[in-house]
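A.B. asks: Pasting a structure here, questions to come.
Laboratory data are not the source of any read-out in this text; all were calculated from the coordinates shown. Just so it is clear, the model here is predicted, and its values are computed rather than measured. Here the Cβ positions follow ideal geometry from the backbone for every residue, glycine too, while neighbour counts run over all protein chains shown.
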Amino acid sequence: MVRKGVLFVRNDEVCVKAKELLRESGIEFVEYNISEEREGCCGGFDTVTPTLFAPEGIFKGIDSISRYIELRKSNSFYKSESAYW
């Protein structure tokens, strides 16, 4: 089983670019649009977007996601046999 990253996005151009970069790189991810999250008792959900929660770590912003893609392509991440994130 391959673990996919979760990409937190909003409805904006930067998030569209992040999705395009990941797709073009062949990196599978699950998209979570926080713009569609209802406000709850705590005032709603807020985070920096785009943010990628990947098995290798958390990558906030388009520059960090671009760096993640570079590291994945170069196979520079530490490999672990752990089933846990």
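A.B. asks: Note down the net charge around ARG3, summing +1 for each Lys or Arg and -1 for each Asp or Glu among other residues with Cβ under 12 Å from its Cβ.
C.D. replies: On the way: positive: LYS4; negative: GLU28, GLU56.
Charge balance in the 12 Å sphere: -1.
A.B. asks: Label 7 Å along Cα→Cβ of LEU21; the stretch 1-15 residues with amide nitrogen under 18 Å?
C.D. replies: The answer is 5-15.
A.B. asks: Tell me, in nm to one decimal, what length is gained between LYS73 and VAL2 on full extension, where the rule is 0.36 nm per residue of separation less the Cα-Cα distance?
C.D. replies: Numbers: separation 71, 0.36 × 71 = 25.56 nm, distance 1.64 nm.
That pair, LYS73 and VAL2, stretches by 23.9 nm at full extension.
A.B. asks: Could the peptides 57-66, 25-34 be put in order, highest first, of the mean number of other beta-carbon atoms found within 10 Å of their residues?
C.D. replies: 57-66, 25-34
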